[in-house]
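The block underneath contains the structure these notes are about, expressed in structure tokens.
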Amino acid sequence: MRALVLGSAAGGGFPQWNCGCPNCDGVRRGDPRLLARTQDSVAIAPASTGEPGGWTLLNASPDIAAQIQANSALHPRARRDSPIRSIVLTNGDLDHTLGLFSLRESWPLVLYATDAVRQGLEERNAVFRTLRRFPTQVTWKRLELGRPTPLEGEGGAPTGLTVEARPLPGKPPVHLVGVTPPSPEDNVGLWIRDPARGKLVVYATAVSRVDGLQDSFDGADALLLDGTFWSSDELVALGLSRARAEDMAHAPIGGDGGTLAALARVRAKRKIYTHINNSNPILLAGSPEERAVLDAGWEIAHDKMEISV
Ligand SMILES: [Zn+2]
């Protein structure tokens with residue numbers, strides 16, 4: 001499989017428009033130790049067969065148009081065309097769904113989501129009508145928890161990959177808190193397989209706890225994990241917010257209870273932190289936190305990172 005990291009930042013991006021934290025200030029000043037990043041999204045395809053392959057997007061970030069422009073594999077090859085065959089949504093957060101509305105130019109979209117995510121987007125949202133200009137503009141495909149589903153493009157064209165959604169501890173999107181009852185379908189991780197080649201990529205970019213998850217990450221050829229925050233009190237210590245990492249449903253990387261310690265023995269060939277908040281000190285090359293992550297055998301995603309497994 002090939003995975004292209006289209007965006008490696010958490011919601012808000014890096015720099016974030018209204019943030020003057022040391023990282024955001026530094027990247028605006030052109031500090032060479034810092035690299036700007038767009039908001040979390042990945043494109044995935046089977047290993048190249050020599051043909052222009054079909055791609056599946058994992059989430060549609062608000063930066064999707066710029067991300068497509070920045071990655072020539074996603075450019076059209078005809079007057080009206082897109083090599084993007086389908087889009088899988090891990091939750092209904094605007095960070096992961098707003099990009100759908102930037103793909104509204106009368107092109108059929110095949111969207112994979114749990115019922116809870118689909119309902120939150122489609123049934124409670126008048127704006128979604130902009131994606132109903134013609135009857136087949138959006139084809140929904142249901143993600144059932146724990147059941148591998150073939151990833152298909154328009155008309156059922158196979159991509160060669162399967163996706164299995166598994167519930168991850170998280171939270172419903174901000175705009176649905178108190179509106180709909182919480183559901184295990186609100187927030188999922190994706191286990192994406194290329195059955196022909198026996199490859200597995202796991203994408204889990206919003207998870208509030210990882211205890212009990214190690215076994216399910218074992219055997220991955222690549223694990224893309226929630227790297228939003230280094231510490232629980234990161235935003236509090238910087239004076240940016242009163243929310244702790246766990247309040248925002250993101251397990252921190254560092255510390256005794258962090259994912260670095262909890263997943264030290266996970267057997268994945270490549271372990272990659274992505275969905276990195278702009279406040280996270282691992283973004284600063286040479287920082288002790290960056291060192292700790294790299295020394296533990298993890299990688300830190302950046303935009304346009306290409307992962308071949
Ligand atoms: Zn910032």
- What ³J(HN,Hα) values, in whole Hz, does the Karplus curve 6.51 cos²θ - 1.76 cosθ + 1.60 give for the range 137-148 when θ = phi - 60°, with x put for Gly and Pro? 4, 10, 10, 8, 10, 7, 8, 9, 4, x, 10, x
- Message: Using 0.36 nm times the number of residues separating Ala73 and Asn18, minus their current alpha carbon distance, what extension gain do you get?
- Response: 16.6 nm
- Nearest-10 value in Å² for the accessible area of Glu152, using the 1.4 Å probe: 50 Å²
- Relative contact order (percent) for the chain, with alpha-carbon contacts under 8 angstrom and 6 or more residues of separation? 20 percent
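Quick check on packing: order 1-9, 29-37, 190-198 by the mean number of other C-beta atoms within 10 Å, highest mean leading.
Listed from highest to lowest mean packing, they are 1-9, 190-198, 29-37.
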- For the range 94-222, size of Cβ-based charge dipole, Lys and Arg +1, Asp and Glu -1, in debye: 360 debye
- Note on the structure: Of all DSSP beta bridges with both partners in the range 67-178, the antiparallel percent, nearest 5, is 25 percent
- Note on the structure: Given 210-222, 58-70, the highest-first ranking by average Cβ count within 10 Å works out to 58-70, 210-222
- Percent antiparallel among DSSP beta bridges confined to the range 1-148, rounded to 5, stands at 45 percent
- Task: Search the structure for amide H atoms under 5 Å from the amide H of Thr139, placed 1.01 Å from N in the peptide plane, and list their residues when 5 or more places away or on another chain.
- Result: Leu109, Val110, Leu111
- Note on the structure: Restricted to the chain, the DSSP antiparallel beta bridge percent, nearest 5, is 50 percent
- Extension gain, Thr180 back to Asp295 (0.36 nm per residue minus Cα-Cα distance, nm): 37.1 nm
- Magnitude of the charge dipole, the chain, Cβ model with Lys/Arg +1 and Asp/Glu -1, debye to 20: 780 debye
- Item | 3J(HN,Hα) from dihedral phi, the range 78-86, Karplus parametrisation 6.51/-1.76/1.60, rounded to Hz, x for glycine, proline | 8, 4, 10, 6, 8, x, 7, 8, 7
- Query: Which of the peptides 10-22, 73-85 is most tightly packed, and how do the rest follow, judged by the mean count of other Cβ atoms within 10 Å per residue?
  - Reply: 10-22, 73-85
- Under 1.5 on a/c is rounded, so check that first for the range 123-275, then, if it is not, pick prolate when a/b is larger than b/c and oblate when it is not; a ≥ b ≥ c are the square roots of the alpha carbon gyration tensor eigenvalues. oblate
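The values are calculated or read from the model by the stated rules, or taken from the named source; none is laboratory data. This is a predicted model, so every value here is computed, not measured. Reconstructed Cβ throughout: ideal geometry from the backbone, glycine too, with neighbour counts over all protein chains shown. Remember, those area values only see protein heavy atoms, side chains included, never the ligands or the DNA or RNA. Shrake-Rupley method; radii C 1.70, N 1.55, O 1.52, S 1.80 Å.
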